[in-house]
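Reading through the structure tokens given below for one structure.
The values are calculated or read from the model by the stated rules, or taken from the named source; none is laboratory data. Quick caveat: nothing in here was measured; it's all calculated off a predicted structure. All Cβ positions, glycine included, derive from the backbone under ideal geometry; neighbour counts span all protein chains shown. Areas reflect the complete protein model, heavy atoms only, side chains present, ligands, DNA and RNA absent. Shrake-Rupley method; radii C 1.70, N 1.55, O 1.52, S 1.80 Å.
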Amino acid sequence: MSTSTALPQTPQTPAEITGARTPEAAELISGARERIDALDDRIIGLVQERMAISAVIQDARVASGGRRVNLSREMDVLTHFRDALGKPGTTLALTILELCRGRV
């Protein structure tokens, strides 16, 4: 039986972590990354909120005898995202719609 010993990790400098070549750039990048991380947390929260609201809509639609998914509404969402963000917006919208359709 062979055992491997892990080499101790040497702490990375801010420049190594960020890929920056100067301390000033490393500081700017670190701060910007913190802001991006905070935005990502907010985006995740908003998607989770959207999923919950979508579930309410789907439940009401199915309870009234309708279908769980309204394709014309989904096309409106796809168009909205594409118009606002270009072609990648369509991909983003498809992912959000998939998340919001719930589990069958």
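What is the projected area of the convex hull of the Cα atoms of the chain, averaged over all directions, in nm²?
That works out to 12.8 nm², a quarter of the Cα hull's surface.
Can you work out ³J(HN,Hα) from phi for every residue in region 38-54, in order, using Karplus 6.51 cos²θ - 1.76 cosθ + 1.60 and θ = phi - 60°, giving whole Hz and x for Gly and Pro?
So the J values, rounded to whole Hz, are 5, 5, 4, 4, 5, 4, 4, x, 5, 5, 4, 5, 4, 4, 5, 5, 4.
Hey, if you put +1 on the Cβ of every Lys and Arg and -1 on every Asp and Glu Cβ in the chain, which of 75, 23, 13 ends up farthest toward the positive end of that dipole?
Comparing the listed Cα positions along the dipole, 75 ranks first.
Run the accessible area of region 38-104 with a 1.4 Å probe and give the carbon-and-sulfur part as a rounded percent.
Whole-percent figure for carbon plus sulfur exposure: 62.
How large is the charge dipole for region 11-63, taken about the Cα centre, if only the Cβ atoms of Lys, Arg (+1) and Asp, Glu (-1) carry charge, to the nearest 20 debye?
With Lys and Arg at +1 and Asp and Glu at -1, about 240 debye.
Could you tally the net charge around residue 90, taking each other residue with its Cβ under 15 Å from the Cβ of residue 90, Lys/Arg +1 and Asp/Glu -1?
-2
Please give the calculated 222 nm ellipticity per residue for the chain, where each DSSP H segment of at least 4 residues contributes -39500 (n - 2.57) and the sum is spread over every residue; nearest 500 deg cm²/dmol?
Calculated at 222 nm, the ellipticity per residue is -24500 deg cm²/dmol.
What are the ³J(HN,Hα) couplings of region 84-99, residue after residue, when phi is run through the Karplus curve with 6.51, -1.76, 1.60 and θ = phi - 60°? Round to Hz, x for glycine and proline.
Whole-Hz 3J(HN,Hα) from phi for region 84-99: 7, 10, x, 3, x, x, 5, 4, 4, 4, 4, 5, 5, 4, 4, 4.
Which of the listed residues, 53, 64, 36, is farthest toward the dipole's positive end in region 10-83, when Lys, Arg count +1 and Asp, Glu count -1 at the beta-carbon?
In region 10-83, that residue is 64.
Using the Cα centre of the chain as the reference point, and only Cβ charges (+1 on K/R, -1 on D/E), how large is the resulting charge dipole? Debye, rounded to the nearest 20.
In total the dipole reaches around 600 debye.
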